[in-house]
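Enquirer: Before anything else, here's the structure in question.
Computed from the coordinates by the stated procedures, all read-outs in this text should not be read as laboratory data. What you see is a predicted model, and the numbers here were worked out from it, not measured in a lab. Quick reminder, even Gly has a Cβ in these numbers, built from the backbone with ideal geometry, and neighbours come from all protein chains shown.
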Amino acid sequence: MTQGMYTVTENTPLTSSVYRMRLAGDTSALTAPGQFINIRLDGHFLRRPISVCDYDAESITIIYKVVGKGTEQMAQIQAGQTLDVLCGLGNGFSVEKSGERPVLVGGGVGVPPLYHLCKQLIAKGKTVSVVLGFNSADEVFYKNEFEALGATVFVATADGTLGTKGFVTDVLGDLDYDYFYTCGPMPMFLAMEKIMRTSGQYSFEERMGCGFGACMGCSCKTKYGNKRICRDGPVLEREEIIW
Amino acid sequence: MVNTRVDLCGISIDNPIIPASGTFGFGYEFAEYYDINCLGTFSFKGTTKDPRFGNPTPRIAECEAGMINAVGLQNPGVDAVISHELPLLKKCFSKPVMANVSGFSIEDYAYTCQKLDACEQIGWFEVNISCPNVHGGGMSFGTSPEQAAAVTRAVKAVTTKPVFIKLSPNVTDIASIAKACEEAGADGISLINTLLGMRIDLKTKRPVIANKMGGFSGPAIKPVALRMVYQVYEAVSIPIIGMGGVSSAEDVIEFMLAGATAVQVGAANLVNPFICRDIINELPAVMQKYRIDNLTDIIGGAHHG
């Protein structure tokens with residue numbers, strides 16, 4: 001983990017409530033896809049933990065949804081402003097375990113951390129399928145970006161306005177894969193847990209205090225003992241999760 | 001050259017900055033971020049007789065200038081603290097550490113403290129009779145002078161190291177409880193623990209925290225904490241560790257003027273993991289600004305004249 005000041009280079013809406021922000025600064029603390037950063041905002045006591053969508057040697061891309069006062073404030077931030085950021089938090093996805101034909105399953109604002117994962121898996125020569133679930137066509141983002149990486153992308157929308165009508169599980173039933181990675185809401189996880197046929201990794205969300213393991217605010221029980229979502233997670237392996 | 005050294009019950013510490021229990025784990029994870037030997041000491045995660053998972057999540061709610069937690073004393077239990085946590089701490093911290101202990105009965109407190117007393121790494125006890133997040137114990141001992149004195153006596157009977165009793169602000173007369181602890185043999189008083197608070201989510205129309213209520217901490221509680229340190233300083237003659245919203249070197253000096261010999265930093269660690277190091281680095285310059293040569297000289301300074 002590092003703390004530093006990052007310069008916002010872009011903050012643009014992708015949909016009516018989802019924004020993409022790019023931050024320039026030290027990314028040396030990022031060691032795996034699926035890690036997150038914790039952003040300090042003026043007037044808010046606690047930081048805002050946001051998953052890293054993509055990163056390179058000097059910049060970080062995050063995608064966030066406006067859900068409360070903190071993210072409303074984030075949406076107002078202009079390019080050129082600086083932000084105090086804790087970088088390189090959480091364990092991230094383990095790329096090594098992917099098999100040859102992994103499927104990445106994202107639900108809504110759970111989609112972003114899968115992007116850099118997809119990039120790494122494709123760089124390793126894996127055949128990657130991506131299943132993205134949204135409520136409606138106007139909420140869909142990053143379908144084209146995943147396709148541009150070389151993944152086969154499937155979209156499910158609850159109202160049927162794009163792709164398969166229904167949920168990610170309606171796509172996954174017929175899909176061929178030998179490992180899975182997923183990030184999304186709990187109802188999606190519970191539905192997936194019933195039908196997934198392989199090992200895999202789930203990335204969880206929890207209300208956090210610190211984001212780096214000090215406060216024990218986001219603890220959960222696993223088959224391997226108590227874990228902190230922020231530090232020992234957010235990614236847990238399917239085999240260890242107690243649902 | 002200013003002197004930041006203070007004496008805490010016969011143990012001289014380099015500076016009065018102490019990360020508060022529950023915001024610093026067992027220290028070694030913070031040692032990945034900076035050399036924690038710069039600290040005066042730190043108070044480790046509240047330890048109980050048996051392992052505890054704590055309360056269901058969500059355990060955290062944000063507030064104006066602070067936060068509420070209802071962690072509920074999650075800890076691996078005293079045996080694992082001795083066999084696992086303290087050896088890991090020893091690799092990165094060469095100073096005496098403060099052992100924060102909680103319990104659900106007077107026997108619990110005595111059992112846990114007696115076991116920890118044998119650990120040479122431990123310099124002091126901080127006995128938490130003020131946790132608002134557990135039922136049937138914790139805070140209930142801290143809300144009556146008789147119960148507070150009973151815990152103090154039980155712990156003092158089985159320990160050789162200085163014992164601080166950590167008091168709850170959720171009482172009518174904190175000075176009388178501090179006084180009862182002093183008379184029962186406490187070597188120092190530590191205050192304040194968190195204020196009982198809550199938040200309600202307008203979307204779900206339910207409390208944010210699964211346990212409904214929790215402990216409110218952060219800069220918002222600093223005036224309450226200062227007032228209580230000031231009151232307790234008038235009531236007792238043993239050292240006080242002050243805390244409540246501390247997040248700068250100026251805050252440290254303010255608490256010492258109110259009567260604190262040392263100062264703990266709690267919620268601020270969770271927002272800026274480097275804050276204790278930063279405060280220690282800034283302290284000499286802030287002392288010079290206010291013409292303070294020896295920190296010891298200002299303890300209780302606000303009471304004079």
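Enquirer: What is the packing order of peptides B:145-157, A:208-220, taking the mean over residues of other C-beta atoms within 10 Å and listing the highest first?
Expert: A:208-220, B:145-157
Enquirer: OK, next. Using the charge dipole of chain A (Lys, Arg: +1 at Cβ; Asp, Glu: -1 at Cβ; taken about the Cα centre), state which of A:G217, A:C87, A:V103 has its Cα farthest towards the positive end.
Expert: Among A:G217, A:C87, A:V103, the one farthest towards the positive end of the dipole of chain A is A:G217.
Enquirer: Now for a separate question. Out of all DSSP beta bridges in chain B, what portion is antiparallel? Express it as a percent rounded to 5.
Expert: 40
Enquirer: What list do you get for B:M256, B:M198, B:M287 if you sort them by fewest beta carbons within 10 Å?
Expert: Ascending number of Cβ neighbours within 10 Å: B:M198, B:M287, B:M256.
Enquirer: May I pose another question? Using Cα-Cα distances under 8 Å and only pairs 6 or more residues apart, what relative contact order does region B:129-285 have, in percent?
Expert: 18
Enquirer: Moving on. Give, as a single signed number, the net charge of other residues whose beta carbon lies under 13 Å from the beta carbon of A:E206, with Lys and Arg counted +1 and Asp and Glu -1.
Expert: Here the count lands on +4.
Enquirer: In whole angstrom, how long is each semi-axis of the equivalent ellipsoid of region A:53-141, when you take the square root of 5 times every eigenvalue of its Cα gyration tensor and sort them from largest down?
Expert: Value: 27, 18, 11 Å, ordered largest first.
Enquirer: May I pose another question? Taking K and R as +1 and D and E as -1, what net charge do the other residues with C-beta under 11 Å from the C-beta of B:T296 add up to?
Expert: -2
Enquirer: Helix A:113-123 against the longest principal axis of chain A: what's the angle in degrees, Cα atoms only, rounded to the nearest 10?
Expert: 60
Enquirer: For the protein assembly as shown, what does the alpha-carbon gyration tensor say about shape, rounded, prolate or oblate, given a ≥ b ≥ c as the root eigenvalues, a/c under 1.5 as rounded, and a/b over b/c as prolate?
Expert: prolate
Enquirer: Next up: What angle, in degrees between 0 and 90 and rounded to the nearest 10, separates the Cα long axis of helix A:186-195 from the longest principal axis of the Cα atoms of chain A?
Expert: Long axis of A:186-195 versus the principal axis of chain A: about 30 degrees.
Enquirer: Let me ask something else about it. Restricting to the protein assembly as shown, what percent of DSSP beta bridges are antiparallel, rounded to 5?
Expert: 55
Enquirer: Treating cross-link reach as a plain straight distance, find the aspartates and glutamates whose alpha-carbon is under 13 Å from the alpha-carbon of A:K124, omitting any fewer than eight places away in the same chain.
Expert: A:E96, A:E100
Enquirer: Moving on to the next point. Rounded to two decimal places and with Rh computed the Kirkwood way over Cα pairs, what is Rg over Rh for chain A?
Expert: My calculation of the ratio gives 0.94.
Enquirer: Right, here's the next one. Give, as a single signed number, the net charge of other residues whose beta carbon lies under 14 Å from the beta carbon of B:Y33, with Lys and Arg counted +1 and Asp and Glu -1.
Expert: -2
Enquirer: Reported to two decimal places, what Rg/Rh ratio describes region A:2-89 when computed on Cα atoms with Rh from the Kirkwood expression?
Expert: Radius of gyration relative to Kirkwood radius: 0.92.
Enquirer: Given springs between every Cα pair under 10 Å in a Gaussian network model of chain B, which of B:D187, B:D201, B:D50 has the largest fluctuation?
Expert: B:D201
Enquirer: Once each part is reduced to its C-alpha centroid, what is the distance from region B:245-286 to region B:151-213 in angstrom?
Expert: 21
Enquirer: With the cut-off at 23 Å, tell me which of the pairs A:K194/A:K223; B:K95/B:K166; A:K126/A:K194 have Cα atoms farther apart than that.
Expert: The pairs that break the limit, which is 23 Å between Cα atoms, are A:K126/A:K194.
Enquirer: Only Cα pairs under 8 Å and at least 6 apart count here; give the relative contact order of region B:170-237 as a rounded whole percent.
Expert: 41 percent.
Enquirer: Something else: Find the relative contact order for region B:6-303 and round it to a whole percent, using C-alpha pairs within less than 8 Å whose residues are 6+ positions apart.
Expert: 19
Enquirer: Rounded to the nearest 20 debye, what is the charge dipole size of region B:6-303 about its Cα centre when +1 sits on each Lys and Arg Cβ and -1 on each Asp and Glu Cβ?
Expert: Rounded to the nearest 20 debye, it is 800 debye.
Enquirer: Based on the alpha carbon coordinates of region A:22-64, what radius of gyration and maximum Cα-Cα distance (Dmax) apply, in Å?
Expert: 10.7, 31
Enquirer: Which value, in debye to the nearest 20, describes the size of the charge dipole of region B:172-305 about its Cα centre when Lys and Arg Cβ atoms bear +1, Asp and Glu Cβ atoms bear -1, and nothing else is charged?
Expert: With only Lys, Arg, Asp and Glu charged at Cβ, the dipole is about 840 debye.
Enquirer: Taking every Cα atom in region A:95-203, find the radius of gyration and the maximum pairwise distance Dmax, and write them in Å.
Expert: Taking only Cα atoms of region A:95-203, I get Rg and Dmax of 12.4, 36 Å.
Enquirer: Within 10 Å of each residue's Cβ, count the other Cβ atoms and sort A:E145, B:E126, B:E107 from fewest upward.
Expert: B:E107, A:E145, B:E126
Enquirer: About its Cα centre, how strong a charge dipole does the protein assembly as shown have in debye, to the nearest 20, once Lys and Arg get +1 and Asp and Glu get -1 at the Cβ?
Expert: Its charge dipole is roughly 700 debye.
Enquirer: While we're on this one: Rounded, prolate or oblate: pick one for region B:6-303, where a ≥ b ≥ c are the square roots of the eigenvalues of its C-alpha gyration tensor, a/c under 1.5 means rounded, and failing that, prolate if a/b is larger than b/c, else oblate.
Expert: Taking the square roots of the gyration eigenvalues as a ≥ b ≥ c, region B:6-303 is rounded.
Enquirer: Right, another one. Calculate the mean, over all residues of peptide A:203-213, of how many other protein chain Cβ atoms lie within 10 angstrom of the residue's Cβ.
Expert: Whole-number average of other-chain Cβ neighbours for A:203-213 is 5.
Enquirer: Mind checking which lysines have their C-alpha under 30 Å from B:K205, skipping anything on the same chain fewer than 8 residues away?
Expert: Partners found: A:K65, A:K69, A:K221, A:K227, B:K222.
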